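See below for the structure under consideration.
The values are calculated or read from the model by the stated rules, or taken from the named source; none is laboratory data. Given the structure is predicted, the values throughout are model-derived calculations rather than measurements. Heads up, the Cβs are rebuilt from the backbone with ideal geometry, glycines too, and the neighbour counts pull from every protein chain shown.
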Amino acid sequence: MAEENWPVKVYIYDISKGMARSLSQAFIGKQINGVWHTGIVAYGQEYYFGGMGGIESCQPGGTVLGQPDQIEHLGTTQIPKEMFHNYLLELGQSTFRPHDYHLLEHNCNNFSSEVAQFLTGQDIPSHITSLPAEVMSTPLGQMIKPLIDTMSVQPSGGHSVFSQQELNTMSSGSQKVEQAPVPPVQQGKSQQETVPEATAGNSLPGSANSSRSDTSNFDPSSEEETDMYEPYVYTEPIPDLQTLKDKIGSKLTTKNLESLDDMYEYLSLKDKSQWSLGKDHIQSIHTVIGDGRMGDDVRVGVYKLLQALVLFEDFITLLQHEPTEMIKNIVQHYDQLTDTVHTAILKLLTNLTSTQKGQEFVMTESEDESSLSYLTSQFCINCILSDKSEVNNLIATAVYNLCRYQIPEAHQIEIGSAVLECLQRDLSEQTEFSIL
């Protein structure tokens, strides 16, 4: 009876969500295309190694990391699943126990490399296993080594591959499993598989909703390649127009209320060329969000309106030339507002920077400390260093969008330094993952 052939793949994830690619040249003097986590997919499951649960498994792409950035076919194996399980039990008792984990020297990629060779005789891509040595050969790598020594990666969503009885046996150290010999395998040349795209939507970094593609040889100056990495966009419904106007009451002039009507009609049109917004419309928005008589529900409603408007390039053009410098004023007065309004502003910044035109509007290079570029950079730094996890999570989406295109080197260094400082704190898994 012929042996069954099982396909074997390596799933590759960039846990930096593009930030390594954008910031590495400025920080370490080398272009690093990603911070890689890998899992081996075989027998219908994804197997990986982490610093908390040890060897775990899940459905392919089933962790908090979502879908992989890249998939490599390693070949096929004829090793029976039971024999593979015994092999994993051997590893789990010896070299891949949870406390053996080290982010640089003994991590998920070392596990994937060993398992790949056991199953197929093929190794995972060398640029993944050689990355730690590249980073640690730099001055910054040596500087942050004490921090790295304390860190681990264990994507949630998986479960132990071992039964409770096996775990108890492993803990007692009373059983050793003989490593199974490697039977003949059908080896094939490594092939890349295109990962199906997904809509980014209103999700945090690390979720399954962010579309990725092949991350090798990425040129951050290439618009075509940047477009492979979907931006984060919040698509929350804007409030009902009449409800919003009722809450505003007599606090606005008839002209300002008519401007609100215009903006709602603009958003309802499929062909935006039929309608043109102007400086008066910006002024009306500015009046509402700057009026101390307006409650948070009104301000948040108008910010949601703005979140929708900034997704259109002609509205960005309007922002570039309107005299009130509304976006700059929003950033400058952020600290004077409530947490509820803060959330709406952070989502606005994410949407504003989700397009190249919006990102360039925000990040036009200038050494002037009153420039929007400088103020936005400082705003991002303050939010990254905030002690509020929701703020950390939300600013991460905006920073990710900013880094999809070039940003001034000084801002790269300052934002990256804030990320490193933030990671030294005791963060929740979701916050730590979002910041990474």
| request: Considering each of 340, 350 in turn, give the residue that is modelled with pLDDT of 90 or more, of a type in the set (S, T, N, Q), loosely packed, with under 15 Cβ neighbours inside 10 Å and within 27 Å of residue 312 (Cα to Cα). | output: 340
| said: Suppose the filter is within 22 Å of residue 24 (Cβ to Cβ) and either assigned to a loop (DSSP other than H, G, I, E, B) or not aromatic (Phe, Trp, Tyr) (or both); does residue 350 pass it? | reply: no
| request: Quick one: count up the residues across the stretch 67-85 that are in contact (Cβ under 8 Å) with a residue 24 or more places away in the chain, outside any loop (DSSP other than H, G, I, E, B) and farther than 26 Å from residue 134 by Cβ. | output: 7
| request: Look at residue 88 and say whether it is assigned to a helix (DSSP H, G or I) and either within 26 Å of residue 393 (Cα to Cα) or charged (D, E, K, R) (or both). | output: no
| Residue list for the stretch 286-304, restricted to those being crowded, with 21+ Cβ neighbours inside 10 Å and closer than 19 Å to residue 232 by Cβ | 303
| query | When the stretch 20-45 is examined, which residues are found to be in a helix (DSSP H, G or I) and touching a residue at least 60 places away in the same chain (Cβ under 8 Å)? | reply | 21, 22, 23, 26, 27, 28
| message | Restricting to the stretch 353-377, give me the number of residues that are assigned to a helix (DSSP H, G or I) and under 17 Å from residue 309 (Cα atoms). | response | 7
| note | Among the residues of the stretch 324-338, the number that are within 13 Å of residue 370 (Cα to Cα) and in a loop (DSSP other than H, G, I, E, B) is 1
| field | Count of the stretch 378-422 residues which are within 15 Å of the chain's Cα centre (by Cα), assigned to a helix (DSSP H, G or I) and more than 26 Å from residue 339 (Cβ to Cβ) | value | 1
| query | Taking interchain pairs and intrachain pairs at least six residues apart, which have beta carbon atoms under 7 angstrom, with the first residue in the stretch 271-297 and among the aromatic types (Phe, Trp, Tyr) and the second exposed (fewer than 14 other Cβ atoms within 10 Å of the Cβ)? | reply | 275/265; 275/269
| query | Are any residues in the stretch 308-337 more than 17 Å from residue 380 (Cβ to Cβ), within 26 Å of the chain's Cα centre (by Cα) and either outside the structural domain of residue 411 (by TED's automatic domain parsing) or surrounded by fewer than 17 Cβ atoms within 10 Å (Cβ to Cβ) (or both), and if so, which ones? | reply | 313
| query | Does the stretch 2-27 hold any residues that are under 20 Å from residue 403 (Cα atoms) and either surrounded by fewer than 19 Cβ atoms within 10 Å (Cβ to Cβ) or in contact with a strand residue (DSSP E or B) (Cβ under 6 Å, 6 or more places away or on another chain) (or both), and which are they? | reply | 13, 15, 25, 26
| said: If I go through the stretch 120-131 residue by residue, how many of them are crowded, with 20+ Cβ neighbours inside 10 Å and under 15 Å from residue 105 (Cα atoms)? | reply: 1
| Single condition residue 398 does not satisfy, out of (1) free of Cβ contacts under 8 Å to residues at least 12 places away in the same chain; (2) over 17 Å from residue 329 (Cα atoms) | (1)
| task | For the stretch 391-403, state whether one or more residues are surrounded by fewer than 19 Cβ atoms within 10 Å (Cβ to Cβ) and of a type outside the set (Lys, Arg). | result | no
| task | Just one of (1) over 29 Å from residue 272 (Cα atoms); (2) without any contact (Cβ under 8 Å) to a residue 40 or more places away in the chain trips up residue 332, so point out which. | result | (2)
| query | Considering only the stretch 62-82, how many residues are more than 22 Å from residue 126 (Cα to Cα) and small (Gly, Ala, Ser)? | reply | 2
